[in-house]
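Step one of this worksheet: look at the structure below.
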Amino acid sequence: MSDLLIELFSEEIPARMQARARADLQKLVTDGLVEAGLTYAHAAAFSTPRRLTLAIEGLSAESRAVREERKGPSTSAPAQAVEGFLRSTGLSLDQLEKRADKKGEVYFAVIEKPGRAAPLIIADVLETTIRTFPWPKSMRWGAGSLRWVRPLHSILCLLSDEGGAEVVPLSVDGIVSGNSTRGHRFLSPGAFSVNNFEDYAAKLKRAHVILDSAEREDTIWAEAQTLAFAAGMELVEDRGLLAEVAGLVEWPVPLMGRIGADFLHLPPEVLQTSMKEHQKFFSVKNPKTGRIEGFVTVANTVTADHGETILKGNQKVLAARLSDARFFWENDLRVAKFGMADWAEGLKSVTFHNKLGSQADRIARIAALAREIAPMVGADPDLAERAARLAKLDLRSAMVGEFPELQGLMGLYYAQAAGEPEAVAHAARDHYAPLGPSDAVPTEPVSVAVALADKIDTLTGFWAIDEKPTGSKDPFALRRAALGVIRLVLGNEVRLGLSTLFGTAMAERLSHFGTDGEDAKTSDLLAFFHDRLKVFLKDQGIRHDVIDACLAMPGNDDLTLLVKRAQALQATLQTEDGANLVAGSKRASNILAQAEAKDGVEYSFGADPKFAETDEERALFTALDQAEAAIAPAMAREDFAAAMQAMAGLRAPIDAFFTATQINSDNPILRRNRLNLLHRIRAICLSVADLGKLDG
């Protein structure tokens with residue numbers, strides 16, 4: 001067994017591409033080696049701004065020899081058929097064998113492929129990988145035809161074992177493989193040779209290159225926290241920025257600076273976003289004031305003045321950037337203090353969708369919907385409508401024009417500056433939420449009303465114009481909008497009849513196009529919601545068939561009610577009585593269905609206990625009476641747990657009844673009575689959930 005080390009050394013690889021490139025390199029090479037017949041024990045990929053590295057342990061020395069027998073056409077087959085078989089096997093006619101077969105004599109090809117040495121396979125696989133590497137963007141340079149993300153300078157390809165190391169020979173567009181690499185561009189630019197991965201990683205570190213991006217992240221975070229702590233400040237966590245910065249440096253040197261006093265009055269999110277997007281700076285907060293007052297930048301080199309010159313240059317550039325942000329902020333505040341009327345007017349000329357009108361049209365629809373939803377979530381209708389009319393006006397602000405990711409948040413500040421109620425300002429901030437599975441769900445009633453209205457308007461609008469998600473394509477993020485509605489409803493235990501809301505909104509949109517059919521579209525949209533709900537609840541451990549059993553019940557457009565029922569049913573099925581009751585209920589339903597099909601009648605008249613012959617039969621009548629008496633009031637107060645507990649209590653008397661009683665008695669009166677009794681069992685179970693939808 002040998003170890004393989006590959007390094008592709010180039011000009012700087014964009015940080016955003018490095019994680020994907022590591023994964024692609026590992027997959028392409030290892031898949032290629034395995035497909036060619038080699039095996040390996042472990043593989044790991046690494047990256048720095050100037051190199052992609054792959055280390056493979058326990059690689060086999062050669063591929064196994066392969067012997068394949070392939071049956072061909074009859075020896076009397078037309079020449080064209082034989083020639084086609086020869087082409088597919090790569091053999092000549094005299095290399096084929098003739099063998100007896102049931103239908104006569106046929107040709108057989110025996111194809112033997114000898115094992116290949118690992119270096120030959122590695123060279124082929126690596127050259128193919130380099131030439132076909134799936135960079136999002138690539139370039140050519142010089143006179144060659146090779147494409148790479150940035151000019152590729154060298155290829156290190158080394159196979160090593162206890163006996164030493166050998167270079168795997170290959171050449172790609174004039175770049176010949178070797179056993180050497182280079183260190184840090186400024187601190188250790190010279191070339192050096194390596195013998196194996198351990199030697200490689202150690203020499204790189206001595207040459208001021210930390211190979212592992214995770215180690216660079218840990219170094220940056222630890223040293224940046226130390227700098228902030230020493231100044232009595234706190235580093236603002238940003239894991240996405242940390243990963244990006246780690247992809248920009250090979251030898252990270254964090255440096256801390258201060259933000260000029262002229263900019264400290266800007267909202268902290270503006271400072272943080274400006275520094276992150278333009279400078280890749282980490283924000284540093286003063287815990288005493290709660291303001292962003294400093295920053296940490298990460299240099300890629302060590303300087304004699306301990307980074308003083310670097311900091312001065314960065315602070316100069318930062319001051320220019322923050323001057324722009326201050327200009328945007330102050331101009332926007334002037335508009336906000338006069339009620340944002342200019343922004344509202346401007347949105348009339350901004351198209352939301354060519355079939356759904358302008359942003360102003362959309363805001364009017366959301367405002368009407370928010371007013372309708374408000375009483376259902378405990379919000380003031382006037383405040384909900386007002387919030388909906390203001391929530392998207394910051395889209396016309398200069399700050400959001402510069403930093404689109406601040407939309408909503410800037411709406412909060414501008415609404416506050418305009419003197420709007422806090423509930424209105426908070427709704428402007430929160431109405432986009434939740435944007436993702438980890439995003440917090442708004443809880444303030446006005447925010448919930450506007451957030452629901454925003455998402456329901458989006459869904460019903462695009463459903464009305466038949467722009468639905470298809471396969472993996474969802475250009476308008478409708479799956480995310482549906483999940484947002486689900487999380488808002490369930491997170492706040494909101495009781496909404498979605499069918500009514502969808503129908504009202506759909507009818508308004510379809511009337512605009514002069515068409516109808518809102519019932520069909522509403523049903524289709526509700527089915528889409530049910531599919532998204534299944535995905536959401538599956539992640540919470542609720543079985544898909546449990547959800548199906550509850551979806552079959554009335555009121556399935558009330559998601560809070562639906563989930564309460566599903567949770568209670570799942571809990572019941574996890575008990576022995578609950579699981580066995582399902583089997584008993586299905587048995588009753590099957591026998592009843594067979595009898596009804598055979599007799600051509602429906603057995604639902606009502607079983608009479610006076611015809612009961614056995615103690616078990618009489619006990620079942622009593623148990624059903626008790627269950628009905630408990631289930632009906634429990635269902636009326638939506639206490640599904642109590643209803644299902646009462647239903648599960650039927651398990652023992654149903655089992656005893658089936659054991660002791662012959663359903664299809666020779667006595668037609670007894671048979672009819674017992675079939676009516678089975679109908680009663682089925683009806684009681686169906687009053688809680690459709691147990692027939694359950695698996696097993």
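The values are calculated or read from the model by the stated rules, or taken from the named source; none is laboratory data. Nothing here was measured: the structure is a model prediction, and the numbers come from that model. Reconstructed Cβ throughout: ideal geometry from the backbone, glycine too, with neighbour counts over all protein chains shown.
Got a sec? Which of Leu170, Leu159, Leu255 is in contact with a helix residue (DSSP H, G or I) (Cβ under 7 Å, 6 or more places away or on another chain), over 30 Å from Thr129 (Cα atoms), of a type outside the set (D, E, K, R) and crowded, with 19+ Cβ neighbours inside 10 Å?
Leu255
Which helices (runs of 4 or more DSSP H) sit wholly inside region 336-411 and have at least 3 residues that are within 27 Å of Thr500 (Cβ to Cβ) and without any contact (Cβ under 8 Å) to a residue 60 or more places away in the chain?
Filter on region 336-411 gives 359-373, 381-390.
Among helices (runs of 4 or more DSSP H) lying entirely in region 487-553, which contain 2 or more residues that are under 25 Å from the mean Cα position of the chain (by Cα)?
Hits in region 487-553: 518-538, 544-551.
Among the residues of region 507-536, write down those that are hydrophobic (A, V, I, L, M, F, W, C), surrounded by 13 or more Cβ atoms within 10 Å (Cβ to Cβ) and over 26 Å from Arg565 (Cβ atoms).
Ala507, Leu510
Scan region 210-252 for residues that are buried (at least 18 other Cβ atoms within 10 Å of the Cβ) and assigned to a strand (DSSP E or B) and jot them down.
Correct list: Leu235 only.
Of the residues that sit in region 134-177 and are touching an Asp or Glu at 6+ places or on another chain (Cβ under 8 Å) and assigned to a loop (DSSP other than H, G, I, E, B), which one is modelled with the lowest pLDDT?
Gly144
How many residues are of a type in the set (Gly, Ala, Ser) and surrounded by fewer than 17 Cβ atoms within 10 Å (Cβ to Cβ) when one looks only at region 581-616?
Total meeting the criteria: 6.
Kindly provide the set of residues from region 565-608 that are over 12 Å from Arg682 (Cβ atoms) and of a type in the set (S, T, N, Q), ordered by number.
Gln567, Gln570, Thr572, Gln574, Thr575, Asn580, Gln594
So which residues in region 49-93 are assigned to a loop (DSSP other than H, G, I, E, B), within 45 Å of the chain's Cα centre (by Cα) and modelled with pLDDT of 85 or more?
Pro49, Arg50, Ser60, Ala61, Ser63 - these are the residues of region 49-93 that are assigned to a loop (DSSP other than H, G, I, E, B), within 45 Å of the chain's Cα centre (by Cα) and modelled with pLDDT of 85 or more.
Which residue pairs have Cβ atoms under 8 Å apart, sit 6 or more places apart or on different chains, and have a first residue in region 45-61 that is closer than 22 Å to Pro119 by Cβ and a second that is basic (Lys, Arg)?
Close Cβ pairs (under 8 Å, with a partner that is basic (Lys, Arg)) amount to Ala45/Arg22; Leu52/Arg22.
Among the helices (runs of 4 or more DSSP H) contained in region 618-696, which hold 1 or more residues that are under 20 Å from Phe605 (Cβ atoms), aromatic (Phe, Trp, Tyr) and in contact with a helix residue (DSSP H, G or I) (Cβ under 7 Å, 6 or more places away or on another chain)?
In region 618-696, the matching helices (runs of 4 or more DSSP H) lie at 651-660.
Given the criteria surrounded by fewer than 19 Cβ atoms within 10 Å (Cβ to Cβ) and under 35 Å from the mean Cα position of the chain (by Cα), does Asp31 qualify?
Yes, satisfied.
Considering only residues that are assigned to a helix (DSSP H, G or I) and either at positive phi or within 34 Å of the chain's Cα centre (by Cα) (or both), which ones fall in region 275-320?
Of everything in region 275-320, those that are assigned to a helix (DSSP H, G or I) and either at positive phi or within 34 Å of the chain's Cα centre (by Cα) (or both) turn out to be Met275, Lys276, Glu277, His278, Gln279.
Tell me which of these Glu402 doesn't satisfy, since it passes every other one: (1) surrounded by fewer than 21 Cβ atoms within 10 Å (Cβ to Cβ); (2) within 24 Å of Glu372 (Cβ to Cβ).
In the conditions (1) surrounded by fewer than 21 Cβ atoms within 10 Å (Cβ to Cβ); (2) within 24 Å of Glu372 (Cβ to Cβ), Glu402 misses (2) alone.
If you scan region 89-116, which residues turn out to be in contact (Cβ under 8 Å) with a residue 12 or more places away in the chain, exposed (fewer than 13 other Cβ atoms within 10 Å of the Cβ) and of a type in the set (Gly, Ala, Ser)?
Gly90, Gly104
List every residue pair whose Cβ atoms lie under 9 Å apart, where the two residues are 6 or more positions apart in sequence or sit on different chains, the first residue falls within region 166-179 and is outside the structural domain of Gly142 (by TED's automatic domain parsing), and the second residue, located anywhere, is in a strand (DSSP E or B) and of a type outside the set (D, E, K, R).
Correct list of pairs: empty, since none qualify.
Might you let me know whether region 440-463 holds any residue that is at pLDDT below 95, surrounded by fewer than 19 Cβ atoms within 10 Å (Cβ to Cβ) and under 20 Å from Ile363 (Cα atoms)?
No, the conditions are met nowhere in region 440-463.
Take Gly584 and tell me if it is over 21 Å from Phe462 (Cβ atoms) and in the same structural domain as Pro653 (by TED's automatic domain parsing).
yes
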